[in-house]
Amino acid sequence: MTTPPRPAGAGSMELSRKQAGPASGSPLPAPSRTPTPAWAAVDDSEVSASIGGLQEYYYDLCMEKSQEIKPCILQILQEVDEEIEKGSVGITLNIAGNSRSVSGERVTGEDFRILCRVLKNSSYINGLDVRYNLLSDVGAYYAARLLQKQRNLIYLNLMFNDIGPEGGELIAKALHKNRTLKHLRMTGNKIENKGGMFFAAMLQINSSLEKLDLGDCDLGMQSVIAFATVLTQNQTIKGLNLNRPILYGEQEESTVHLGHMLKENQCLVELHMCKHDIKNCGMKQLCDALYLNRSLQYLDVSCNKITQDGMKCLADVLKSNTTLEVIDLSFNRIANAGANYLSDALASHNRTLKALSVVSNNIEGKGLVALSQSMKTNPTLSHIYIWGNKFDEATCVAYSDLIHTGRLKSDNTDVESFEVDGHVYLAEVSNGLKRHYYWTPGYGEACSPSSNSGFSLAPVGQHL
């Protein structure tokens, strides 16, 4: 592979072109370099990464360590250097492996070692997104070192990077002394029960982390219970994602412990319990806790097995609860009866809920129309998502009227109406509570409120 040319600073760009002298279109050779001083080879050097620009510093380190130079990283660091020159601060460095700008390249653990050295002393960068790469436990080691040394980092996204239990342990232990990180995403890294226990133990010590995402991490029941226990005392965490743990048995034990936590904790704002195998009994456990909770604003119980009986419990809660603003019931089984329970509570009692998702819940026309009618008397409910249910013409007309009269804004629902031969139909649009949780669009705004309304209505941090 041809080594990319050493990046030149803006002031020396023209000089570099004149000295290089190749024919137009030929790659520039790397200029001769003076020997690296001995102090530059020390990992703990205090050399500022911003001297000469992050791009040039990255190039120098790769050459010094005989590490492959990733063109995508060079390009992204060049863009960051330009932002720094404009006076920007608080920059999030985005090297997501599924980004169009990366063009199929993936950052490995050894690549990340160089990147961490570049970022270690940079005061301009406070966010790092390296999702969907190949960091593995090797990269987790360097991420842990970065958390120990970088004093400006408030956001770190490591989702889906093949990090295992050992890597999870390293990162969790690094957070014992870290006092700056606010938001950590470990989504999709199989840290399992062992890694989950280390993160739970970390929350007994760390007093700065506000949002922690451990969804799809293969957590076990032991670690779920540990989180529930720790959060009865932790007063800092505002957002917690425990989606899809590996649970066995039919006793819905996770809801018992998390329900007890909600009775005690008055700081948690956002809780995700997707794929916890919650049934009506578990939903009742959570609802009993919500009578006493005065902080939770966003409850996600999507992809469970909740039916109409669970909705009766939730509807009773909504008649008196004054904090819940976003509820995600997508991919359950509430049917018409469950929709009717909710619509009665929303029409006559509740005036705080702002967003409701009942996507794919086997609801038919009567239930969907009842929900649309509740919006006419409830001035607060502004977002509703209904795609994946059984639409009849009455449903299509009801939601078309809500949209055309302005009661329901087109950005606040996942359907739009159209007419064919005098009949009204509904089509799906790409709006929702968390459409970009796992991926980001190639074009347009990555974190638009219309596609991720749950996080904009109940914000915990500036990132998903």
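The values are calculated or read from the model by the stated rules, or taken from the named source; none is laboratory data. This is a predicted model, so every value here is computed, not measured. Just so you know, the surface numbers come from the protein's heavy atoms only, side chains and all, with ligands and any DNA or RNA stripped out. Shrake-Rupley method; radii C 1.70, N 1.55, O 1.52, S 1.80 Å.
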Hey, what angle do you get for helix 393-404 against the long axis of the chain, alpha-carbon based, 0 to 90 degrees rounded to 10?
-> 60 degrees
Could you name the lysines in cross-link range of Lys279, using Cα to Cα under 18 Å and dropping any fewer than eight places away on the same chain?
-> Lys305, Lys312
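Considering only DSSP beta bridges with both partners in the chain, what is the antiparallel share in %, to the nearest 5? Walk me through the numbers on the way to the answer.
Numbers: 6 of 40 bridges.
If we restrict to bridges inside the chain, about 15 percent are antiparallel.
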What residues qualify as long-range amide H neighbours of Val107, i.e. H under 5 Å apart, gap of 5 or more or another chain, H built at 1.01 Å from N?
-> Leu134
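In whole percent, how big is the carbon plus sulfur part of the accessible area of the chain, probe 1.4 Å, protein atoms only? Write out the running numbers ahead of the final one.
On the way: 10190 of 19780 Å².
Answer for the chain is 52 percent, counting heavy atoms of protein chains only.
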Per residue of the chain, what 222 nm ellipticity follows from adding -39500 (n - 2.57) for every DSSP H run with n ≥ 4, rounded to the nearest 500?
-> -11000 deg cm²/dmol
Using Cα atoms only, what is the angle between the long axis of helix 165-174 and the major principal axis of the chain, expressed in degrees (0 to 90) to the nearest 10?
-> 80 degrees
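Multiplying the sequence separation of Ser456 and Asp411 by 0.36 nm and subtracting their Cα-Cα distance, what value in nm do you get? Each step should come with its number before you reach the end.
Values: separation 45, 0.36 × 45 = 16.20 nm, distance 1.28 nm.
Additional length available on full extension: 14.9 nm.
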